[in-house]
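Colleague: Before I ask anything, let me first share the structure, which is written out below as structure tokens.
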Amino acid sequence: MNDLIEKLRQRFEEDFATITGMESWKAVRDKYLARESGVITTELKKLRDLPKDQRPAFGQAMNQLRALAEERLQEKYAAAKAAELTAKQRHIDVTRPGFPFALGSAHPIKKLQAEIEQAFVKLGFQVMNLHEIEKEYYNFEALNMPRNHPARDAQDTFYLDETMLLRSHCTSVDVHAMETILPPIRAVTTGKVYRRDPADATHSPMFHQVDVVVVEEGITMGDMKGMLEAFLKQIFHPNIQMRLRPGFFPFVEPGAEVDISCIFCSGKGCPKCKQSGWIEILGAGMVHPKVLRMSGLDDSRYSGFAWGLGIDRVAILKYGVDDIRLFFENDLRFLKQF
Amino acid sequence: MKISLEWLQEYVEIKESPEKLKEDLSMIGLLVETIAEAPGTSVLEVEVTSNRPDCLSYIGIAREVAALYRRPLKRPPQQEHLHAASERIPYRIEVRDEDLCPRYVALVLDGIRVGASPAWMHRRLEAAGMRPVNNIVDITNYVLLEMGHPLHAFDFDLLRGGKIVVSRARPGELMETLDGVQRELDGEMLLINDGEGSVGIAGVMGGLNSEISLSTTRVLLESAYFNPTSVRRTSKKLGLSTEASYRFERGADWENTVPAIARSCYLIEQLAGGSIAGSLQDVYPGRKEPAKIRLRQKNASALLGVELSGEFIESTLRRLEFAVEACGKDTWNVTCPTYRADMELEADLIEELARFYGYQNIPATLPPSKGVGSHSPVYGIEQAVREILIGQGYSEAVNLSFALEPDHADFAPLHGERIAIKNPLTEDTQYMRTALAPGLVRSAKRNFNYDQHLVRLFEIGKVYGAGPDGSPVERNVLGILGTGGFTDQNWVNPAAEYNFFHLKGVLAALLNGIRIRSFEIVPTDEVGWLNSSESAVLKINGEAVGVLGAVSVPLDEKYKLRQPVYLAEIDFERLLPVAFSPISYEPLAKYPSVKRDMSIVVDRDLAYQNIRQGILELAIPELTELDLIDIYEGEKIPAGKLSMTLRLTFQDREKTLTVDRVQGFIDTVLSYLSNTFKAGLRSL
């Protein structure tokens, strides 16, 4: 009897030693321990054929053998499982390039345009993006630039006929805002403007502007400075400095030229700012009383400010673009950089 | 205006360095662009805005410097007595068109020796950018620069009638100006005549016939005030801008006419040896009054946002030579100098106060918010479209809004006439674009030229046309362009060429992304610039809102594209009312769905849309999805046929579907396909 058990044990140990993975582990387990056909199970079933007095000892010995087999198998389970999982892994060269999913890019000017609009909406402004084909009246007369005004020289304009033109600035929208909104007015417009400038590195017959108008009771030039500063810091950098100088635009009085500290040299002086430390960035001022009146507003009750700046110019400064024409050529080598 | 510091010192003391002066002038509105070094002096390039003609002179700049540094202004010597001891040369001044010439002052000198002007004058004129000619011409130029008032000297012996007549030209009249150009005049241009004919264009340029020469001994000096609008119109029309016209059109000082002539007389007597032979004549029929403006301290403080003292207001204005007279509490009547053509309203005076208070000293404040901001109506959809397309690999383009002559015919839009520009710059700016397609195609071509053949672009921009009543209409349009490989060549998947279905797919993804749920893309052959067999119309609620397809073969050749280019052009504004349909949550199905694939063999030219439409019209409620997952054409099926593999997804929201029910649905579909299209299952 003991021989039989010892032989069984030896056979189990031999088979056990062959286990290399989950498959052979399962085969050994089933060979010895399967409920119906396992070697140990089958031997145990022979118990009832033995004489009664031998049964307890045989049973005990066989049960010990079964416990031993179970214990040994259990020990090996983790290693066998690990070997199985390892076998399932795929082997690849992770240094090969990933799939070339394409990602496009936003146009730098359009992106800035959206950012600017977003900034003003947060400041409580209404975005009014109106038509580019404009009546001469709104582009000039209503802005205190009658026919033959010298200031018109700076804005050589495309005309469609005697009275219609391509707006030469977004300021025309300020007039529409003042005509249609009851104060308090906080309106901003962004869009394309046109001038008869032959295209070169710094000129394009089409470019983009943002124009802002605020009209309320009690608006001061200090308010204009405060809002300008908030806006310029948001668009450029929180650390930039701003300065206002007297300037002339027929539709504002007092008028101002607005400079920011040079973003290339932080105001120390470099070729880009002609060593001055400042870069002229926009024109601003308190809405001219005549403009208020022509727009149907009482200039003794309301005051306001307006300013306008070139979005392309901001992009040129922000990204160091050296030729404005690049914005309108749609060369992917350019666009992909934004 | 070029300002030499050596010369400027003549009128005001300057202790500051050129750099300091540059900074200080800029901060009171006289922007100094650069400082140049000239022999013995520094020259400031001062940018004078068009509202300040008074600063187009040395005295004008000196006046600002004097006011800024609180120093006295030194005026140059002039001849105080402008009368001839005996009228050796009688002459007559006749102003016929007073509206264009409110004041005309003249003086005649004789005994003049024309020659070179002295070295110091040469140096100063050259530093200011002027070319010396002879002492008489140089003196008029010198006084122009010094005092800002344009003068003209005629050779009196060349004035044929011995008189000056100021009147409008005869239409079509010809005259040769000092620059030797023959000019044709119109009836609105003001001329200076000598009784026989024209000798100068008023305020613009003198005539060659009365030019000062080395033999000149007798001179008539003119110092006039001409109507600014008239001078500007004449100058523009003739395309002739001069130092004189530049000042007259911005507004000269009518009170400066006599001082300017007195100063010139002094210099001529000193440098050219002449003396007065015909007394000063001053034709000044209607006296022009200086501007008078009421200024209130309260208004000034309110507009600037700073408290200004009465003392500051009075002293600032007085330093700038305004006459200030108190009238009531904190209110003044201010009489403006006549050289300040820009003074009209209280706000103009307030700007003077702000200039000298210093813009930099006004504290920045923020007005309290009065409401909630709002975006433009297209903002939301534009941003969404931009994000989706960028995510799909398309880059945003911006093309100029102009169009070339052939664009309209090549890329005929769905509707409308084009708008022409009356004064185009070049042939590139003759028309406003009626479609985005031409610009996008040219952009693609540009990229091809730089060896970039995989191009994905989109543009959201306006197109322009004439409305039914002829008035201009602007519409926002979305253009999408795709060409080249579907992806860059890569090792993961074999290269595929971009085709119609990529464009159609991105359009469908875009419409889904902006929650436009129901749309149709139906074949069309009506778009001339697209291949008729590769083009479709996008319809929403039965209405055409855009087109998509492959650029036609003739255009392909014309633009030398050499690779298929796919384009979509969508009327952006028509998407607005249907985009962003409300989101309504549908509970998730509790029971599993069943998918079945079937390969059917049909005639090659049967459109998939017919099959799909027909199956959907069977109205099997459990059929939730129908997809075309494969197409096969080849040896394994009869010629003229193709095999489509359809994937049908069934779902019953109430209970689990049984195999028998699904088979029932499949049988229904198959018998429909067989009866309607003679389609049979493909035998494997």
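Every number here is computed from the coordinates shown, using simple stated rules; none is lab data. Since the structure is predicted, the reported quantities are computational estimates derived from the model, not experimental observations. Cβ: placed from backbone, ideal geometry, glycine included. Neighbour counts: every protein chain shown.
Colleague: Go from 0 up to the bin containing the longest alpha carbon distance in chain B, width 20 Å each, and give me the % of pairs per bin.
Modeller: 14, 28, 23, 19, 12, 4, 0
Colleague: Compute the Kirkwood hydrodynamic radius of region B:498-635, taking the inverse of the mean of 1/r over all pairs of distinct Cα atoms, and give it in Å to one decimal.
Modeller: Roughly 17.8 Å, rounded to one decimal.
Colleague: Now a separate question. Could you calculate the FRET efficiency of residue B:683 with residue B:557 from 1/(1 + (r/R0)^6), where r is the beta carbon distance between them and R0 is 51 Å, rounded to 0.05?
Modeller: 0.65
Colleague: Something else: Dividing the alpha-carbon Rg of region B:2-69 by 2.2 N^0.38 Å yields what?
Modeller: This ratio for region B:2-69 stands at 0.98.
Colleague: I've got another one for you. Hydropathy first: keep DSSP H helices in chain A averaging at least -1.0 on Kyte-Doolittle, then drop any whose Cα extent along the axis falls short of 24 Å, and list what survives.
Modeller: Once both thresholds are applied, what remains is A:55-88.
Colleague: Calculate, in whole percent, how much of the Cα-Cα pair population of region B:317-357 lies beyond 15 Å.
Modeller: Looking at region B:317-357, the distances longer than 15 Å represent 38 percent of pairs.
Colleague: I'd like the trypsin sites (Lys or Arg not before Pro) in region B:274-365 restricted to DSSP loop residues with at most 14 other Cβ atoms within 10 Å, sorted by number.
Modeller: Working: sites: B:287, B:288, B:292, B:294, B:296, B:298, B:318, B:319, B:329, B:340, B:355; in loops: B:287, B:288, B:329, B:340.
Those that pass, being in a loop and sparsely packed, are B:287, B:288, B:329.
Colleague: Next question, about the same structure. Can you give the relative contact order of chain A as a percent, counting alpha carbon pairs under 8 Å and 6+ residues apart? All intermediate terms of the calculation are to be shown ahead of the outcome.
Modeller: Working: 510 pairs, mean separation 49.5, N = 338.
15 percent.
Colleague: Still on this structure, please answer the following. Which order do the peptides B:235-244, B:476-485, B:3-12, B:633-642 come out in when sorted by mean C-beta neighbours inside 10 angstrom, highest first?
Modeller: Put in order of decreasing packing, that is B:476-485, B:3-12, B:235-244, B:633-642.
Colleague: What is the mean number of Cβ atoms from other protein chains located within 10 Å of the Cβ atom of each residue in peptide B:354-362, rounded to a whole number?
Modeller: So the per-residue partner count for this stretch is 4.
Colleague: Counting Lys and Arg as +1 and Asp and Glu as -1, what is the net charge of the other residues whose Cβ lies under 13 Å from the Cβ of residue B:176? Walk me through the numbers before you get to the answer.
Modeller: On the way: positive: B:183; negative: B:173, B:179, B:184, B:211.
After counting each charged neighbour, the total is -3.
Colleague: Straight-line reach from residue B:590: which lysines have a Cα under 21 Å away, not including same-chain ones fewer than 8 places off?
Modeller: B:655
Colleague: Then there is this: How high is the relative contact order of region B:292-356, in percent, with contacts defined as C-alpha pairs under 8 Å that are six or more residues apart?
Modeller: Details: 72 pairs, mean separation 26.4, N = 65.
Result for region B:292-356 is 41 percent.
Colleague: Looking at the protein assembly as shown, send over the antiparallel percent of its DSSP beta bridges, to the nearest 5.
Modeller: Just about 95 percent of them are antiparallel.
Colleague: Show me the GluC sites (Glu not before Pro) within region A:63-154 that DSSP assigns to loop and that have at most 10 other Cβ atoms within 10 Å of their Cβ.
Modeller: Those that pass, being in a loop and sparsely packed, number zero.
Colleague: For every helix of n ≥ 4 consecutive DSSP H residues, a contribution of -39,500 (n - 2.57) applies; sum these over chain A, divide by its total residues, and give [θ] at 222 nm rounded to the nearest 500 deg cm²/dmol.
Modeller: Value at 222 nm, helices only, nearest 500: -12000 deg cm²/dmol.
Colleague: In addition: Taking the Cα centre as origin and putting +1 on Lys and Arg beta-carbons and -1 on Asp and Glu beta-carbons, what dipole magnitude results for region B:419-545, to the nearest 20 debye?
Modeller: Dipole about the Cα centre, nearest 20: 320 debye.
Colleague: Please provide three numbers in whole Å: the alpha-carbon extents of the protein assembly as shown along the principal axes, with the largest listed first.
Modeller: Its Cα atoms span 170, 68, 54 Å along the three principal axes.
Colleague: Find the Cα radius of gyration of region B:594-681, compare it with 2.2 N^0.38 Å by division, and give the number to two decimals.
Modeller: It is 1.11.
Colleague: To make sure I understand the rule: partners must be aspartates and glutamates, Cα under 13 Å from the Cα of residue A:225, and not fewer than 8 residues away in the same chain. Which ones qualify?
Modeller: Straight-distance partners of residue A:225: A:257, A:259.
Colleague: Can you give the mean number of other chain Cβ atoms that lie within 10 Å of the Cβ atoms in peptide A:324-331?
Modeller: 5
Colleague: Calculate the length of the line joining the C-alpha centroid of region A:216-271 to that of region B:1-22, in whole Å.
Modeller: Going from one Cα centre to the other spans 28 Å.
Colleague: In chain A, what cysteines have no partner Cβ closer than 4.7 Å?
Modeller: Here A:170 come out as lacking a disulfide-compatible partner, given the Cβ-Cβ threshold of under 4.7 Å.
Colleague: Mind listing P(r) for region B:287-365? All alpha-carbon pairs, 10 Å bins, whole percents.
Modeller: 18, 56, 22, 3, 0
Colleague: Of the GluC sites (Glu not before Pro) in region B:272-334, which ones lie in a loop per DSSP and count no more than 12 other C-beta atoms within 10 Å?
Modeller: Qualifying residues, ordered by number: B:307.
Colleague: Under 16 Å between alpha carbons, and skipping anything fewer than 8 positions from residue A:336 in its own chain: which aspartates and glutamates qualify?
Modeller: Excluding near neighbours in sequence, the set is B:387, B:396, B:451, B:459, B:488.
Colleague: After finding the eigenvalues of the alpha carbon gyration tensor for chain A, what semi-axes result from the square roots of 5 times each, listed largest first in whole Å?
Modeller: Largest first, chain A gives 90, 23, 19 Å.
Colleague: Which residues make up the longest stretch of chain A clear of trypsin sites (Lys or Arg not before Pro) that lie in a DSSP loop with no more than 13 other Cβ atoms within 10 Å, not counting the sites?
Modeller: Longest run free of exposed loop sites: A:148-267.
Colleague: Using only the Cα atoms of region B:379-578, each taken as one equal point scatterer with no solvent, compute I(q) by the Debye sum, divide by I(0), and report log10 of the ratio at q = 0.10, 0.11, 0.12, 0.19 Å⁻¹.
Modeller: -0.41, -0.49, -0.59, -1.50
Colleague: Dividing the alpha-carbon radius of gyration of region B:92-283 by 2.2 N^0.38 Å (N being the number of residues), what value is obtained?
Modeller: That ratio works out to 0.94.
Colleague: Taking a threshold of 26 Å on the Cα-Cα distance, which of the pairs A:26/B:595; A:192/A:318; B:74/B:236; A:122/A:233; A:122/B:298 fall above it?
Modeller: Check vs 26 Å cut-off fails for A:26/B:595; B:74/B:236; A:122/B:298.
Colleague: Could you rank the peptides A:214-221, B:657-664, B:599-606, B:131-138 by their average count of other C-beta atoms within 10 Å per residue, with the highest value first?
Modeller: The most tightly packed comes first, giving A:214-221, B:131-138, B:599-606, B:657-664.
Colleague: Counting partner chain Cβ atoms within 10 Å of every residue's Cβ in B:422-429, what's the average?
Modeller: 5
Colleague: Quick one, can you get me the convex hull of the C-alpha atoms of region B:349-445 expressed as volume per residue in Å³?
Modeller: 296 Å³
Colleague: Rounded to the nearest 500, what is chain B's calculated 222 nm mean residue ellipticity when only DSSP H runs of at least 4 contribute -39500 (n - 2.57) each, over all residues?
Modeller: That calculation yields -8500 deg cm²/dmol at 222 nm.
Colleague: Separate question: Could you grab the relative contact order for chain B? Cα pairs under 8 Å, six or more apart, rounded to a whole percent.
Modeller: After rounding, I find 9 percent.
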